[in-house]
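Comments concern the structure below.
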Amino acid sequence: MTTSPPTTDPAPSAALSGIPARAAGVLTIDLAAIAENYRRLKSAFQQRAVAAVVKADGYGLGAEQVAPALIKAGARSIFVAQLDEALKLRPLLDRCHPAISLYVLNGLMPGAEADYADNTLLPVLNSLGEIEAWSRFARQREKALPAAIHLDSGICRLGLPPDEVARLRAEPARLEGIVPTCILSHLACADVPAHPKNAEQLAALTSALTALPRAPVSFCNSSGIFLGPDYHFDLARPGVALYGVNPTPDAANPMRPVVRLQAKILQVRAIDAPQTVGYGATHRATGPARIATVAAGYADGYLRSISSRGHAWVAGHRVPVVGRVSMDLLALDVTGVPPEKVQPGHWAELVNAEQDVDALAAEAGTIGYEILTSLGARYHRVYLD
């Protein structure tokens, strides 16, 4: 544990144990909860193999801290998006476990083939062009090289579309020199179980698999795990659910919360009508009020869309965000909070047990993914293990 965890209800001194006085915000990340979420997902996946997606710096929470916790929990395959992410993470994974498969979802970057091969990275081959390039490089190296093959079953982003799958079926020699370690596809609507697209993609994938050599199949993202055994195949690759976001939006969240976000109150002042708060004068007082100015803004991932619609917690009281969220500051109406409970140096809770990442995302008009990956670098980070 890097520092002691903050208390649930900060004392009047507002001093969080172990937090430097200079800290304007504190992001607490529960690595034990991430590990428990991995185990819960594996249970829902009927104890089959479960990878872990740590792209975008571990969904904003720190890949170098998150990945070892997931490996300790049992993950043996790790997925990132970019080659640079994989190059940075490879030495750490090697120290954690001698046999971690590290996949690069965004595929094979032209001219960078040696970076993958020399660092034991597995490109996810997303097109016939990438397959041909990797095969050509394998022949140059005079050795078979492993890779994943991505089939587009209907999301129409990366992956081999049906016409390229047909060409691969007709010309299997295109895979010369490639050892498929995984065949994957990606669900577009897994968070909506009744969406017809799910069954359409399952049928498309099942058909496309007949064009390829046998290899472990990965179809399920976080939400896909909860679509049931027909979608499971061999390997799940959850991402956002590991970090506490609900993979089943229409039901109770089966995941443990992972993050807590607190920001320091800088000033409390009394206002009265007709005074306004913040840029654009979008909030106008209708009577006496007290406004707390808090050290967090959209540069810290507290999105501007939360302006005048979000809420925070101060000394156990739910209080509204008033006026526009600016780059470094936001304002809370703390009129209903006892004055001795809200003073400069005390803490406002932006994400906590009462308002999790999904709830904040709903107030911002977005999704938990964006909240997590937007969290800025200015917070003092506390990792609980």
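When each of the peptides 38-44, 355-361, 237-243 is scored by how many other beta carbons lie within 10 Å of its residues on average, the order from highest to lowest is 237-243, 355-361, 38-44.
Convex hull over the Cα atoms of the stretch 257-384, averaged projected area in nm²? Write out the running numbers ahead of the final one.
Numbers: hull surface 29.6 nm².
Taking a quarter of the hull surface, the average projection is 7.4 nm².
Semi-axes, largest first, in whole Å: what does sqrt of 5 times each Cα gyration tensor eigenvalue give for the stretch 31-243?
Sorted largest first and rounded, they come to 26, 23, 13 Å.
Taking the fewest neighbouring Cβ atoms within 10 Å as the starting point, the ordered list for ASP152, ASP230, ASP300 is ASP230, ASP152, ASP300.
Distance from the C-alpha centroid of the stretch 135-206 to that of the stretch 290-342: 47 Å, rounded to the whole angstrom. Placing unit charges on each Cβ (+1 for Lys and Arg, -1 for Asp and Glu) gives the stretch 257-384 a dipole about its Cα centre, and among VAL322, LEU360, VAL277 the Cα reaching farthest toward its positive end belongs to VAL277. By the count of neighbouring beta-carbon atoms within 10 Å, fewest first, ILE265, ILE155 end up ordered ILE155, ILE265. With each run of n ≥ 4 DSSP H residues scored as -39500 (n - 2.57), what mean residue ellipticity at 222 nm is computed for the chain after dividing by its residue count and rounding to the nearest 500 deg cm²/dmol? My calculation for the chain gives -8000 deg cm²/dmol from helical runs alone.
Pairs of lysine residues in the chain that meet both criteria, 8 or more places apart or on different chains and Cα atoms under 25 Å apart, total 7. With equal scatterers on the alpha carbons only and no solvent term, can you work out the Debye log10 of I(q)/I(0) for the stretch 258-310 at 0.17, 0.27 1/Å? Summing over Cα pairs of the stretch 258-310 leads to -0.64, -1.23. Please name whichever of GLN140, PHE226, LEU92 sits farthest to the positive end of the charge dipole of the chain, dipole taken about the Cα centre and charges placed at Cβ: Lys and Arg +1, Asp and Glu -1. Farthest towards the positive pole: LEU92. Separation of the stretch 96-133 and the stretch 226-244, taken as the distance between their Cα centroids, equals 23 angstrom. Each residue of the stretch 195-208 is assigned a 3J(HN,Hα), and the resulting list reads 5, x, 4, 4, 5, 4, 5, 4, 5, 5, 5, 4, 5, 5 Hz, derived from the Karplus form 6.51 cos²θ - 1.76 cosθ + 1.60 (θ = phi - 60°), x at Gly and Pro. Along the Cα→Cβ direction, 7 angstrom out, place labels at ARG157 and SER305. What is the inter-label distance in nm? It works out to 1.7 nm between the two label points. With the simple spin-label model, which puts each label point 7 Å out from Cα in the Cβ direction, the ALA173 to GLN82 separation comes to 3.9 nm.
A full extension of the chain between ALA114 and LYS72 corresponds to an added length of 12.2 nm, given 0.36 nm per residue minus the alpha carbon distance.
Binning the alpha carbon pair distances of the chain at 10 angstrom intervals from zero yields the distribution 5, 22, 27, 21, 14, 8, 3, 1, expressed in whole percent. A cut-off under 14 angstrom between Cβ atoms defines the neighbours of PHE79, and their net charge, with Lys, Arg +1 and Asp, Glu -1, is +2. Per residue, the average separation of C-alpha pairs within less than 8 Å and at least 6 apart gives the chain a relative contact order of 19 percent. The ranking of TRP313, TRP347, TRP134 by Cβ neighbour count inside 10 Å, starting from the fewest, reads TRP313, TRP134, TRP347.
We did not get these values from a lab; they are worked out from the coordinates using the rules stated. If you're wondering where the values come from, they're calculated on a predicted model, not measured in any experiment. Cβ sites come from the backbone with ideal geometry, for glycine too, and all protein chains shown count toward neighbours.
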